[in-house]
Amino acid sequence: MQETATVQPMAGVDLIDVSTVEAIKRHLLSHLVHGVGVAPQYASPRDWMVAVATLVRGVLSEQYLETALREREQKARRVYYLSLEYLMGRSLRKTLLDIGLLERVEQALTDLGQELEDIQEHEYDAALGNGGLGRLAACFLDSLATHSYPGFGYGIRYEFGMFTQRIEHGEQVEHPETWLRHGNPWEFERPSIIYPVRFRGRMMTFRGEDGREVCRWIDTEDVIAMAYDVPVSGFGSGVVTKLRLWSARATRDFDLNIFNQGNYIDAVKAKTLSENLSKVLYPADTTLMGQELRLMQEYFFVSASLQDILARHTRTYGDLSALPEKVCIQLNDTHPALAVPEMMRLLLDQYGYDWAAAWAMTRGIFNYTNHTLLPEALETWPIAMLEQILPRHLDIIYKINYQFLQQVKVSFPGQPDILGRLSLIDDGARRVRMAHLAVVGSGHVNGVAALHTDLMRRHVFADFQRLDTDKIVNVTNGVTQRRWVVQSNPDLTALIDDCIGPRWKTDLTELKAFERFADDAGVRDRFAAIKRDNKQRLGALVEARTGVRFDPAALFDSQVKRIHEYKRQLLNLLHVITLYNRIRSGQGDGILPRCVLIAGKSAPGYFLAKQIIRLINDAAMVINNDPACKGRLSLAFLPNYNVSAAEVIIPGTDLSEQISTAGMEASGTGNMKFALNGALTIGTLDGANIEIKDAVGDDNIFIFGKTAAEVTEMRMQGYRPWDIYNADEELRQAVDMIGSGYFTPDDPGRYRCVFDAILTHGDHFFVMADYADYIRVQAQVEQTYRQPEDWTRKAIINVANMGGFSSDRSIHDYARKIWRITPLKR
Ligand code: 26W
């Protein structure tokens, strides 16, 4: 994909003929023989998957070259999305839907004695992300392509993506995810797109011929970044967005030097070390304090991406003068924030700009999205580490800081306190605050839900807000309806199409027209039957993976997300234990049958989260084996939650648990996916739950718990979880069962730490405070579910009012408020 070609890229090329089932069959057989190297009659389902993917990739390549040509011809301003994480999941069925080939390919496969349903299971999930932030990036690429925005994603091609979670004796055990072991049929290897990335070394400053100070960064240790390109399709747009992933390679110089010293084994060892940079995704979604390899990974990624952006721009426009006009870079959290000093370094040291010009350009190019306010997740790096690994960048950061604080002094004369608070450097801790660096280097900073943005303005970034009241803006998250309905819930898709036509697939606000069908008994019946089928499918998955039976007649109650204290899987469990206690004490006769599903990964080093997983499994063992619970209550922990599992769980759920401590979940996106698939939400007034409540109406959502303001107030007044525990009989019983080893009689002290967290250590996440209200509202859920008509009506109203929660809307917002980009013209 030479990007400077002036001729039509496809001149003289035969485009792939996929216009008929027969043509597709010929291609597939040919791919098996010529690409995979296997006789069709001996081809395995995986071989077939590779053949289909290779064919589809070819179509995407044509569409990409066409897209790139249009971008060049139109001299389009383009957004570059910089993200350390992309949680793409599988691509086969999704891409076939996007490019309109699903039916033809299904037919071709059937004719050849294969079923797409079977072969698609052999595709690995591309799990290059931890959770919400990475999945959001994937939804955004889909929306950019679907709406023909000039966009381009950069990331890392981790050899090991998110670990596979197995549950052994109730405990999470991490296994490396070798997703590339059979190759990746979607990527294009680009051995000629390579950039050196430098580390360590030292600075040399001297005066150039013109008397200007020149800086040289010398004696560095270098690594090569090599590109892999993954085409991402748009739905029906013919536009393909490129995702370029960097892989680390040892430099040849580097090899030669050591090889020449005659130590072959050491040379190979050193080569392996430098290739570690793209080896593994860090599986922590909060604390990651001071890990050198992670810092190097972040810089490796940032440097390769910026060098590539500047090289492309120079090829197209001759020089960099139009850079801020044509290029816009979005920082997905602070993980790529080193892009700010790296851009400065490139402009100053490589392209010869002076400081003022370089800074003016840099500030006009970057924008930063904040995804969390949790203090432990706000990145900072030790000054000493930066000094060692990126000396030139530390230098530049100091200078940015100096000039920034000069301006602050002018804006806030006689207020020295504010200088320390705003500084990019935490002097006491001797660390660089990456969020401050990102804010100072960006034109706009955004939060991901209204409450989150409000809290940013009032707390974490309050001083920046005073400095510039226009900088911080809100762009509420969204999810792509193409993956989260069209692909994963085809029956609901057909029902909506029948009622309102297909336009909602690219304009989700059209769903509003579905609302009136809430009063149509025929539609309600169909809707309920679809939910029932999806529950059947989910039940089968749960039983296959855990052995726990889920009866589709029961209420399916799901909480799926990373395991975190603030997300309060413990609160969910306390409700389950409370129901269990009611059943045990003979109050179970009238109880509504309920199947509770919990899934999610814990960071490998997050002790309490791992204990919570184990506790859920231990409790499940007792509850599911108690005859009194039969037909009344089941609890399952589904191992290895990922995008593919979500595609089954979300359509098959009745009740969506979104129960974080108010003020702590920046947005949530699972909340949107569930509501869009006709689950009702039980949730706190946190993140985007608030906006979902405003959209669907108070009668169609179950809200409980303290507000963010009340939580803050209680913290200030002195919160006393013991008092709540002592005053509530049912709560005390449930908590005591955890603390005293009811579920693990042969190891009664196992969950003392959990007991301590929610009582002795002050219940940081207000589990005690919200328990009673949660139990009360769960009872309302039961009452509503007993009126199936009423429940289904509410579910339809939920679906119909989710129009604002498409990632298309998010992308249109970014395009207008922040990026100033417009769709490509035909
Ligand atoms: C430094 C390592 C690290 C990695 C990831 C720190 C922090 C993170 C993020 C907090 C992870 C994340 O996924 N945040 C989530 O982003 C979603 C998309 O905006 C939001 O919907 C979630 O509320 C937020 O927790």
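The values are calculated or read from the model by the stated rules, or taken from the named source; none is laboratory data. Bear in mind the structure is a predicted one, so any value in this text is a computation, not a measurement. Here the Cβ is made from the backbone with ideal geometry for all residues, glycine too, and neighbour counts use every protein chain on show. Each accessible area value is taken on the protein alone, full model and side chains, heavy atoms only, with ligands, DNA and RNA left out. Shrake-Rupley method; radii C 1.70, N 1.55, O 1.52, S 1.80 Å.
Please tell me if residue 222 is charged (D, E, K, R) and in contact with a Lys or Arg (Cβ under 6 Å, 6 or more places away or on another chain).
yes
Counting just the residues of the range 440-465 that are of a type in the set (S, T, N, Q) and within 14 Å of the ligand (Cβ to nearest atom), which one comes out farthest from residue 398 (Cα to Cα)?
Residue satisfying both the conditions and the ranking: 453.
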Residue 530 being of a type outside the set (S, T, N, Q), crowded, with 20+ Cβ neighbours inside 10 Å and farther than 30 Å from residue 664 by Cα: yes
Within the range 373-385, residues being within 16 Å of the ligand (Cβ to nearest atom) and in a helix (DSSP H, G or I) number 4
Within the range 349-372, the residues that are assigned to a helix (DSSP H, G or I), within 20 Å of residue 212 (Cα to Cα) and open to solvent by 30 Å² or more (accessible area, probe 1.4 Å) are 349, 350, 355, 356, 357, 359, 360
Extreme residue, nearest to residue 46 (Cα to Cα), among residues of the range 98-131 that are assigned to a loop (DSSP other than H, G, I, E, B) and within 16 Å of the ligand (Cβ to nearest atom): 129
So residue 72 ticks every box in (1) under 22 Å from residue 228 (Cα atoms); (2) of a type in the set (D, E, K, R); (3) in contact with a helix residue (DSSP H, G or I) (Cβ under 9 Å, 6 or more places away or on another chain); (4) open to solvent by less than 50 Å² (accessible area, probe 1.4 Å) but one. Which box is left unticked? (4)
Which of the residues that make up the range 703-754 are within 27 Å of residue 655 (Cβ to Cβ), open to solvent by less than 60 Å² (accessible area, probe 1.4 Å) and outside any helix (DSSP H, G or I)? 703, 704, 705, 707, 728, 743, 751
Would you be able to say whether some residue in the range 686-693 is open to solvent by 10 Å² or more (accessible area, probe 1.4 Å), out of contact with any strand residue (DSSP E or B) (no Cβ under 7 Å at 6 or more places or on another chain), within 15 Å of the ligand (Cβ to nearest atom) and part of a helix (DSSP H, G or I)? yes
Scan the range 647-663 residue by residue and report those that are under 18 Å from the mean Cα position of the chain (by Cα), buried (at least 24 other Cβ atoms within 10 Å of the Cβ) and of a type outside the set (Ser, Thr, Tyr). 649, 650, 658
Of all residues in the range 505-548, which are over 28 Å from residue 235 (Cβ atoms) and in contact with a strand residue (DSSP E or B) (Cβ under 7 Å, 6 or more places away or on another chain)? 542, 545, 546, 548
Please go through the range 631-670 and give me each residue that is under 20 Å from residue 488 (Cα atoms) and of a type in the set (Gly, Ala, Ser), ordered by number. 644, 645, 646, 652, 656, 668, 670
Which of the residues belonging to the range 465-481 are in a helix (DSSP H, G or I) and touching a Leu at 6+ places or on another chain (Cβ under 7 Å)? 481
Count of residues meeting criterion [out of contact with any Pro (no Cβ under 7 Å at 6 or more places or on another chain) and either touching a residue at least 40 places away in the same chain (Cβ under 8 Å) or not in a helix (DSSP H, G or I) (or both)] in the range 30-54: 11
Scan the range 135-163 residue by residue and report those that are surrounded by fewer than 24 Cβ atoms within 10 Å (Cβ to Cβ), of a type in the set (A, V, I, L, M, F, W, C) and part of a loop (DSSP other than H, G, I, E, B). 163
Members of the range 474-506 that are touching a helix residue (DSSP H, G or I) at 6+ places or on another chain (Cβ under 7 Å) and open to solvent by 40 Å² or more (accessible area, probe 1.4 Å): 491, 503, 506
Restricting to the range 283-331, give me the number of residues that are within 16 Å of the ligand (Cβ to nearest atom), open to solvent by less than 30 Å² (accessible area, probe 1.4 Å) and hydroxyl-bearing (Ser, Thr, Tyr). 2
